[in-house]
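Asker: Have a look at the structure that comes next, please.
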Ligand code: FPP
């Protein structure tokens, strides 16, 4: 089995999973968070090198105050717990997205986790928090325009690679496989630039139920794909 180098996942369906069990949405997020721990171990075992998950979008602030507060509480405890997970898996953790919108203590926990894990290189784990691809591109292009205005970058140096270097994901290879759980068939503003050639896999399984067997199923499907990048198929 050819294991993708980089897998991106849209973690969806926590709320519906909980509702189906007659439980509050927050219970789904707690279970979804626990599943994130397990899936990191699975990725490491399978030999995946890069994992990026979409945990909180720029749009998610519109949810009820109760739900947003519950998620912030979960982020706080997860960011702390993640120090152990990163040590266990020799996993480097990087947060992508605009973290300035979070409370100061959450921002500090993020910096601490990134600093703690910066020398690990067996799994590179990106967590998208307050992330939106258009926002990421806008922030990046603003910095790029500033550099051009200051003469640090020539217009002729604005290449695809240069643009990639201004994104939050700078230095990380593009995803090979994107998985979205829980039945929705859209990208929801996730890694629009980076997923130009990524294979997509959609499953009805809600995130809290997405386990190693489901992951292997997604990788097997990926193996059946014919990745041509617009070129001619090799016979
Ligand atoms: C989408 O499911 C999920 C979210 C908006 C939050 C994802 C959060 C986690 C998996 C747990 C916390 C993560 C970290 C990094 C600590 P939904 O609630 O939109 O489900 P629904 O579509 O069924 O309503």
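Asker: Within the stretch 2-30, which residues are within 14 Å of the ligand (Cβ to nearest atom), part of a loop (DSSP other than H, G, I, E, B) and over 19 Å from residue 95 (Cα atoms)?
Answerer: 13, 21, 23, 24 - these are the residues of the stretch 2-30 that are within 14 Å of the ligand (Cβ to nearest atom), part of a loop (DSSP other than H, G, I, E, B) and over 19 Å from residue 95 (Cα atoms).
Asker: From the list 91, 43, which one is more than 9 Å from the ligand (Cβ to nearest atom), surrounded by 15 or more Cβ atoms within 10 Å (Cβ to Cβ) and under 19 Å from residue 31 (Cβ atoms)?
Answerer: 43
Asker: When you check residue 202 against the structure, is it within 15 Å of the ligand (Cβ to nearest atom), surrounded by 14 or more Cβ atoms within 10 Å (Cβ to Cβ) and over 28 Å from residue 121 (Cα atoms), yes or no?
Answerer: yes
Asker: Further question on the same structure: List every residue pair whose Cβ atoms sit under 6 Å apart, with the two residues 6 or more apart in sequence or on different chains, where the first one lies in the stretch 190-204 and is closer than 22 Å to residue 13 by Cα and the second, anywhere, is surrounded by fewer than 19 Cβ atoms within 10 Å (Cβ to Cβ) and modelled with pLDDT of 95 or more.
Answerer: That search, which allows pairs on different chains as well, returns 201/221; 202/185; 204/183.
Asker: Those residues that are free of Cβ contacts under 8 Å to residues at least 12 places away in the same chain and within 18 Å of the chain's Cα centre (by Cα), I need them from the stretch 101-139; list them, please.
Answerer: 107, 111
Asker: In addition: Kindly list, by first and then second residue, each pair from a residue in the stretch 157-180 that is surrounded by fewer than 13 Cβ atoms within 10 Å (Cβ to Cβ) to a residue that is in a strand (DSSP E or B) and modelled with pLDDT under 95, limited to pairs with Cβ atoms under 8 Å and residues at least 6 apart or on different chains.
Answerer: So the pair list comes out empty.
Asker: Is it true that residue 114 is over 25 Å from residue 26 (Cβ atoms), part of a helix (DSSP H, G or I) and within 15 Å of the ligand (Cβ to nearest atom)?
Answerer: yes
Asker: Here's a follow-up. Being surrounded by fewer than 19 Cβ atoms within 10 Å (Cβ to Cβ) and more than 30 Å from residue 25 (Cβ to Cβ) narrows it down to one of 211, 223, 189, so name that one.
Answerer: Only one candidate passes the filter, namely 223.
Asker: Restricting attention to the stretch 119-139, which residues are over 18 Å from residue 53 (Cα atoms) and in a loop (DSSP other than H, G, I, E, B)?
Answerer: Listed by number, the residues that qualify are 119, 120.
Asker: Say we look at the stretch 57-87 and pick out the residues that are in contact (Cβ under 8 Å) with a residue 40 or more places away in the chain and closer than 15 Å to residue 125 by Cβ; which of these is farthest from the ligand (Cβ to nearest atom)?
Answerer: 85
Asker: Which of the following residues is over 30 Å from residue 62 (Cα atoms), out of contact with any strand residue (DSSP E or B) (no Cβ under 6 Å at 6 or more places or on another chain) and not in a helix (DSSP H, G or I): 151, 183?
Answerer: Testing whether each residue is over 30 Å from residue 62 (Cα atoms), out of contact with any strand residue (DSSP E or B) (no Cβ under 6 Å at 6 or more places or on another chain) and not in a helix (DSSP H, G or I) leaves just 151.
The values are calculated or read from the model by the stated rules, or taken from the named source; none is laboratory data. Quantities reported herein were computed from a predicted structural model and do not represent experimental measurements. Note that we place each Cβ from the backbone using ideal geometry, even for glycine, and neighbour counts take in every protein chain shown.
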